[in-house]
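To start, the structure itself, in structure tokens.
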Amino acid sequence: MEDTPEVLTGWVENWSLLSQSWRVALVVFGLVFATATVAFIVSRVILYLEHRFERSENIWDDTFLHALRRPAIGFVWLQGVYWAAEVAHKYSQADIFSVNDVLLELGFIWIIVWTLFGAIKQGESVLASPMRMKRPMDYTTVNAISKLLRAVVAITALLTVLQSLGYSISGVLAFGGVGGIAVGFAAKDLLANFFGGFIIHLDRPFKVGDWVRSPDRNIEGTVEKIGWRLTTVRTFDKRPLYVPNAAFTQISVENPSRMTNRRIHETIGIRYVDVGEMSSIVSEIREMLKNHEEIDANQTLIVNFLAFNSSSLDIMVYTFTKTVEWVKFHEVKQDVLLKISDIIESYGAEVAFPTRTLHVAESVRVESRQSDNDERVPDDGEKSRSSMSGHGQTSQSADSGPVREPSGPGQHTTRGDEGESQ
């Protein structure tokens, strides 16, 4: 056998101390043991070089060695097991050993694909790492390039495997061209999602980690993963939402993560009796916002008397914070509102709340006083007997009893109807 070491073949054929079957078994065992020893040595050597190169300024040498270490061990085992199988095949008629050459060729393809996949994965982690790159690339872009390279490697490996098994690549490509039309019609939704994912990677309206929401659909949360078919969004109640990529080509998507400022827009009302202090209050609130360290004075800042409302004089406060962080924004907003409250109180004014004033006609008030004067005055005995309860009964009568109007048809009314009867 040409690929079998000549010294092993000669030893099997010429050493007569043992039977041929024992000699073959010893040679196979020796090859497997030697393969394990060499694989261990190769692993230790590559691991030593990897740690050695980690201290160098080049970030790619140790990365390449890390991607190469396991495939190198696999290559050693592939070659050693192939030699052992060839020795066994020379002295055995088993059909399983007849495919040694094909398995060796497929094994080499597998080792190459394994190495390339490892190198792509290591390159992805390096390019997106802020610890290893001064200007790291966007993870979404790196992930898209990585997936594309993996697809190219996988398709190339598949075509090479088919060629090694005796299939014509030209026939496979021709079948793919004709059958691709039927597959395209049958899997149009799958292809729509695939190209939707490609558009997301190309246009990058959002990336992994962004907060997105859609005014057209009930979609809001943090992007966790952008796949070729689905995009995973983690909603704010911590539920995963799986959105087909084709949906993003048909809806509007808002990306609040890319906002430059957060807005404070409040309407604050003061009482009507404080109208004389309105101008001073508005001016001081405006100055406070301009000098606030967390308010961006370069953005639109509006503090003005807005409207005469039903129960208040409204002041509009419209400004933007420097921070875009959700928690810190609310801390800044709380500080601003408390300072506005202090300004209003410093002028003796108050924040208004809904009130209602009831105006009673003069004739009703005069009649009520006359009715009180006409009531009987109790004597001393009655005063002593009613000292504990008389006053409360009189108050109750005055508060809840009917008030008599001047005699006339249809002019008897209660106090609750006073405004309406006048």
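List of remarks:
- So residue 298, is it polar (S, T, N, Q) and part of a loop (DSSP other than H, G, I, E, B): yes
- Taken over segment 238-274, residues that are under 22 Å from residue 344 (Cβ atoms) and either assigned to a helix (DSSP H, G or I) or not assigned by TED's automatic domain parsing to the domain that holds residue 338 (or both) amount to 3.
- Residue list for segment 185-233, restricted to those being among the basic types (Lys, Arg) and under 18 Å from the mean Cα position of the chain (by Cα): 204, 207, 213, 217, 225, 229
- Number of positions in segment 284-293 that are in a helix (DSSP H, G or I) and surrounded by 13 or more Cβ atoms within 10 Å (Cβ to Cβ): 5
- Count of segment 265-283 residues which are surrounded by fewer than 18 Cβ atoms within 10 Å (Cβ to Cβ) and closer than 22 Å to residue 331 by Cβ: 3
- Selection count where residues are over 15 Å from residue 282 (Cβ atoms) and not acidic (Asp, Glu), scope segment 339-351: 1
The values are calculated or read from the model by the stated rules, or taken from the named source; none is laboratory data. None of these values were measured; they are calculated from a predicted model. Neighbour counts run over all protein chains shown; Cβ positions are idealised from the backbone, glycine included.
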